[in-house]
Amino acid sequence: MSRRIALVTVGLVAALLLLAVVPLGFSLTSNDRNDFQYQVFSSADQLAARAEEYLADHDPRTAMDQALAEAAERGDCAAVYGQRLDLVAKTACLTATDKSSAALAARVRAGAGQVSARDGDWLLVAVPVGDDGNASGVAVLARTADPMNDRIAAVWIWLSLTGLAVLAAGVWFALWLGRWVARPLTVLGASAARFGEGALETRAPTCTGPNEVQELSAAFNRMAERIQSLVGSHRDWVADVSHQLRTPLTALRLRVDVLADEADAGTAEELAGLQIELARLGSLVDGLLAVARAETSVPRPETVRADEVAADRLAAWEPVARERGVRLRARCPRAAAVRLGPGDLEQMLDNLVANALDSVAEGGGIELVAAVADDWVELRVVDDGPGMSAQARENAFRRFGQSSTGGNGLGLAIVHRLAAANGASVALEETPGGGLTAVLRLPTAR
């Protein structure tokens with residue numbers, strides 16, 4: 001953003017400089033050229049007036065010779081032609097006596113009045129001596145344009161240096177303006193990123209930058225405080241519910257167990273059914289609390305070795321799988337590092353493996369396969385159980401979704417919530433040849 005602000009500001013400054021400096025330079029150049037031409041015509045008129053005293057009034061040629069000498073001192077070349085275009089007098093400079101000078105004199109003698117022409121860097125001006133209708137001769141004056149060109153070049157150099165100085169000042173101002181506007185937004189973005197990573201106490205500074213950015217930072221802080229308060233109260237509610245539900249359930253199960261030990265055969269059978277229902281109720285409460293914790297969790301990602309976690313969880317589930325006659329196998333490349341909240345990958349894999357164990361019959365198998373890409377690590381929990389229909393797979397990640405294993409329908413919901421909180425994704429696919437494949441895509445540590 002700061003770069004765009006700087007580029008726009010520099011572009012505006014450059015456009016203003018072009019609109020101001022270039023027309024000014026052309027205006028000064030035009031004025032200098034017009035002034036130069038006016039001065040040459042004025043000098044030629046003065047020479048013609050001095051020459052008229054000699055050619056028309058027949059006075060001594062002293063004044064004419066003096067005018068020619070003054071022209072030579074200025075670096076001009078001058079010549080005076082008679083009525084028949086005969087050369088009367090000239091300076092030592094040969095430029096005024098070349099063909100261009102003679103041609104201009106002929107044009108004036110033919111009645112063209114005052115004429116001018118350029119010969120290289122020289123400006124030649126020819127004026128009649130005396131009245132135009134009864135001219136007694138022609139005066140020709142040539143002046144080099146080098147001093148004028150030097151002045152024009154100096155003007156353009158001065159304007160260019162001034163423009164560059166103003167442009168440099170504009171660049172500095174643009175960079176300062178861009179940083180002044182963008183730095184608070186950068187800080188706000190970093191604060192939002194830390195807040196999203198789980199640092200709920202993060203706040204953005206509200207005393208720097210434009211008023212709009214300060215107002216945005218204040219609004220972010222109010223939102224952060226509100227979210228922190230809501231998450232905290234939700235966590236407290238989950239803890240309270242966990243305590244309030246677990247305590248009476250545990251006491252109830254203990255009493256049922258005592259009654260089952262003391263009851264007769266018929267009553268014990270009924271109490272055994274009650275124990276099963278209490279166990280299901282306890283499992284349901286644990287699942288609901290796990291879902292609530294997953295929904296309110298704001299993970300702080302850290303680097304986790306997915307291959308090591310997968311091997312550890314399969315080793316933990318191996319006794320259960322052996323007891324049920326199910327084979328467990330893993331194919332995970334080394335150094336599969338991901339960014340997840342602490343303990344989240346273990347919880348997701350536990351739920352996926354438990355779900356697969358509940359669906360696979362004795363003699364079946366479960367395989368955990370990992371694949372590493374540039375931005376993702378893909379973990380696949382593949383089983384050869386009965387699988388799920390398309391409708392069941394679509395509803396599987398909802399709370400109490402349809403379960404083919406007789407579970408409470410909360411395990412996959414927990415996996416989905418944890419994956420979403422960590423910027424990951426989870427999906428269910430059919431296993432080729434029959435079964436179900438849970439695909440977990442996790443962001444890499446890069």
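The values are calculated or read from the model by the stated rules, or taken from the named source; none is laboratory data. Everything numeric in this text was worked out from a predicted model, so none of it was measured. Here Cβ is always computed from backbone atoms with ideal geometry, including for glycine, and neighbour counts include all displayed protein chains. Heads up: the accessible areas ignore ligands, DNA and RNA and are worked out on the full protein's heavy atoms, side chains in. Shrake-Rupley method; radii C 1.70, N 1.55, O 1.52, S 1.80 Å.
For the chain, report the accessible area per residue in Å² (1.4 Å probe, heavy atoms, rounded to an integer). Don't skip to the answer; put the middle values down first.
Details: 24550 Å² over 446 residues.
Accessible surface, normalised per residue, equals 55 Å².
What translational diffusion coefficient, to the nearest whole µm²/s, does region 1-154 have by Stokes-Einstein, given a Kirkwood radius computed over alpha-carbon pairs, a temperature of 25 °C and 0.890 mPa s viscosity? Estimated via Stokes-Einstein, D reaches 141 µm²/s. The accessible surface of the chain, taken with every protein chain in place and a 1.4 Å probe, is 55 percent carbon and sulfur. Rounded to the nearest 500, the helix-only mean residue ellipticity at 222 nm of the chain stands at -21000 deg cm²/dmol, with each DSSP H run of n ≥ 4 adding -39,500 (n - 2.57). When the chain is treated as a GNM with alpha-carbon contacts under 10 Å, the residue of I227, I414, I157 showing the greatest mean-square fluctuation is I157. For V326, the amide hydrogen comes within under 5 Å of the amide hydrogens of G363, counting only partners 5 or more places away or on other chains and with H modelled in the peptide plane.
Helix 62-73 axis versus longest C-alpha principal axis of the chain: approximately 30°, rounded to the nearest ten. Give me the distance between the Cα centres of region 56-123 and region 411-433, rounded to whole Å. About 102 Å separates the Cα centre of region 56-123 from the one of region 411-433.
Using the Karplus relation 6.51 cos²θ - 1.76 cosθ + 1.60 with θ = phi - 60°, the per-residue 3J(HN,Hα) values for region 9-18 come to 5, 4, x, 5, 4, 4, 5, 4, 5, 4 Hz, with x marking Gly and Pro.
For region 386-393, backbone phi angles converted through the Karplus equation (6.51, -1.76, 1.60; θ = phi - 60°) give residue-by-residue couplings of x, x, 9, 6, 4, 5, 5, 5 Hz, Gly and Pro being listed as x.
Placing a label point 7 Å from the Cα of R74 along the Cα-to-Cβ direction, the residues of region 141-172 whose backbone N falls under 17 Å of that point are 141-149.
Remark on A145: its backbone amide H falls under 5 Å from those of W122, L123, a criterion applied only to residues 5 or more positions apart or on other chains, H modelled at 1.01 Å from N. What is the helix-to-structure angle for 265-296, meaning the angle in degrees between its Cα long axis and the longest Cα principal axis of the chain, kept from 0 to 90 and rounded to the nearest 10? Once rounded, the angle reads 10 degrees.
When +1 charges are put on Lys and Arg Cβ atoms and -1 charges on Asp and Glu Cβ atoms, the dipole computed for the chain relative to its Cα centre reaches about 160 debye.
Counting only other residues whose beta carbon sits under 14 Å from that of P432, what net charge do I get with K and R as +1, D and E as -1?
Result for the local shell: -4.
Computed from phi, the 3J(HN,Hα) profile of region 424-436 under the Karplus parametrisation 6.51, -1.76, 1.60 (θ = phi - 60°) reads 9, 8, 9, 8, 10, 9, 6, 7, x, x, x, x, 10 Hz, with x in place of Gly and Pro. Here the relative contact order of the chain, from alpha carbon pairs under 8 Å that lie six or more residues apart, stands at 10 percent. Considering only A79, A218, L412, the residue lying farthest towards the positive end of the dipole of the chain is A79, judged by Cα position with unit charges set on Cβ.
Stokes-Einstein diffusion of the chain at 25 °C, 0.890 mPa s viscosity, Kirkwood radius from Cα pairs, rounded to a whole number: 77 µm²/s.
Note on region 315-373: the alpha carbon radius of gyration divided by the globular reference 2.2 N^0.38 Å gives 1.22. A convex hull fitted around the alpha carbon atoms of region 21-60 yields 33 Å³ per residue. Projecting label points 7 angstrom from Cα along Cα→Cβ for L16 and R118 puts them 3.5 nm apart.
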